[in-house]
Amino acid sequence: MIDLKYLQNNFDDASTKLQKKGVEISTLEQLQILFKILKKHNVTLEAMKAEQNSMSKLFGQYKREGKDISELKVKVDANKEAMLPLQEKAREAEVALYEVALAIPNFPDDAVPEGADEEDNIELRKVLELKNFGFEPKEHWKLAEMNGWIDFERGVKLAKSRFSILRGEASRLERALINFFLDTNTQKGFVEYSVPFINNAAMLQGTGQLPKFGDDLFKIEDEDLYLIPTAEVPLTNMYHDEILTEQELPLLMTGYTPCFRKEAGSAGRDTRGIIRQHQFNKVEMVAIAHPDKSDEVFELMVENASDILTALGLPHRVVELCGGDLGFSAAKTIDLEVWLPGQNQYREISSISNTRDFQARRAKIRFKDGKKNRFVHTLNGSALAVGRTIVAIMENYQNEDGSIEIPEVLKKYM
RNA sequence: CGGGAGAUGUCAGAGUGGUCGAAUGUGCCGGUCUUGAAAACCGGUGAGGGUUAUACCUCCGGGGGUUCGAAUCCCCCUCUCCCGGCCA
């Protein structure tokens, strides 16, 4: 959630920033009004409560001393009655405020490039030369068929479209990649976790998926539970509603989980192959950092993900997202896009974001800065998306006859 | 899933309608004593919000109710432990 006090005191600046993310000024004006109303109600209500408390204390004292209480009772009853409608109003104001506030995206950093969509993203650098195949490289779904690596039809039979089955060597490759990623991340200082793949609604609100993006989530029937769309949710929310010490920051975490997404708005996109599935595996990095240090941690995460691709011999480019392409929670995002020769294009394989204090505010993750509690910064990034790495290996390591080499660094894992 | 017990400050643990934000012990901080430490003794010490700082509000697992007033009474939920069932 954005800092409502900041919005209150720097309205012009805040609204300029949020226009980069397509937020209407009228929405922000409404939010500002709701915030003022709630504050006003709370101030009067607190004063009335204080009055009520002191009269109640007197009440007990009178009784002990055997004094007459009838007059006091009239006053106390009147005050109580006067509070009721105000309490109701304050409650309504709070509900209305949060309904709007929870749907407002994060401020982009000042340095984030202007732009409307991915066309305006900035390529920072390319890593590794593209390979010259000397023949027409095939797309991964063609290679999957030739090698018997992916069973698309039976995956659909078991669940529905956008589910698939990896077979034999492909399945082993997936297992090898997960281990390779986790080992690499651990060497960089990230602590490995195995977490629940189902989280409750409060956690999904903490990282920003709820309430606005519930349509993208698989919900457990009759329960307050959802399949996680990314390990970012459980890893970040491990510290939900906690106050950390400054010494334990930064907390660097990594974990492998399957991810479940409805892909509600993606009908017709990437329908062939396993680029876009309802269930996919991912190894995630999450960091909880001191606000003054989160930029350093961000660089570490980008470098780590890029190094993994380099170790796998996969050409890729590093792209900074423009304001219009930033996700809901992100203040800044760098995508790593891997080269897919079969598709003749770069495709996202990792996305690393600094959410600053946006998620920390929602999830109430703070640290002790002297006597004061301050919000931490939270960061997340893939290292890496496993399914898409398999695609990239298939397309980049294919031979003319359709056979696929295994990258050198993975051989000890196979 | 069935039966029983429980949830209070760092921890342990009292408190069954007002003087309770909460006894006592423990831990922690400071002091006395000591060459130094330990022990002993004395003093201080819960959390969140809010404020420049005070005031003030909230918090005894969570939510609702009764009452002028709730840790304490009533209802619902969650979690933990024990017993039984089922089970990887």
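Nothing in this text is a laboratory measurement; each read-out follows from the coordinates by a stated rule. These figures come from a predicted structure and were not determined experimentally. Methodologically, a virtual Cβ is constructed for each residue, glycine included, from the backbone with ideal geometry; neighbour enumeration extends over all protein chains shown.
Below, the figures for the structure above:
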| quantity | calculated |
| --- | --- |
| Share antiparallel - DSSP beta bridges, chain A, percent rounded to 5 | 90 percent |
| Average Cα contact separation per residue, chain A, under 8 Å, 6 or more apart, as relative contact order % | 20 percent |
| Sequence-distant residues sharing a close amide H with A:LEU384 (under 5 Å, placed H) | A:VAL283 |
| Cβ-based net charge around A:GLN8, under 10 Å, with every Lys or Arg adding one and every Asp or Glu removing one | +2 |
| Positive minus negative residues near A:ARG361 (Lys, Arg vs Asp, Glu; Cβ under 13 Å) | +3 |
| Max mean-square fluctuation residue, GNM over chain A, Cα-Cα springs under 10 Å, options A:ASN42, A:ASN199, A:ASN380 | A:ASN42 |
| For chain A, calculated [θ]222 nm from helices alone, where every DSSP H run of n ≥ 4 adds -39500 (n - 2.57) | -13500 deg cm²/dmol |
| Cβ-defined net charge surrounding A:THR257, 13 Å radius [Lys, Arg +1; Asp, Glu -1] | -1 |
| Listed peptides A:24-37, A:356-369, A:161-174 by packing density, highest first (mean Cβ within 10 Å) | A:356-369, A:161-174, A:24-37 |
| Highest to lowest packing among A:181-193, A:138-150, scored as the average C-beta count within 10 Å | A:138-150, A:181-193 |
| Vicinal HN-Hα couplings computed from phi for region A:189-203 (Karplus, 6.51 cos²θ - 1.76 cosθ + 1.60; Hz; Gly/Pro x) | x, 7, 8, 7, 10, 10, 10, x, 8, 10, 10, 8, 4, 4, 5 |
| Simple Cβ-charge dipole of region A:220-326, Lys/Arg +1 and Asp/Glu -1, about Cα centre, in debye nearest 20 | 820 debye |
| Average Cα contact separation per residue, region A:4-101, under 8 Å, 6 or more apart, as relative contact order % | 35 percent |
| Residue-wise HN-Hα coupling along region A:282-288, computed from phi with Karplus coefficients 6.51, -1.76, 1.60 (Hz; x: Gly, Pro) | 8, 9, 10, 10, 10, 10, 10 |
| Max mean-square fluctuation residue, GNM over chain A, Cα-Cα springs under 10 Å, options A:VAL156, A:VAL319, A:VAL338 | A:VAL156 |
| Order by protection proxy (mean Cβ within 10 Å, highest first), peptides A:48-55, A:320-327 | A:320-327, A:48-55 |
| Positive-end extreme of charge dipole, chain A - chosen from A:ILE25, A:TRP149, A:GLY273 (charges on Cβ) | A:ILE25 |
| Calculated from backbone phi, Karplus (6.51, -1.76, 1.60) coupling profile of region A:86-95 in Hz, x at Gly/Pro | 5, 4, 4, 4, 5, 5, 4, 4, 5, 4 |
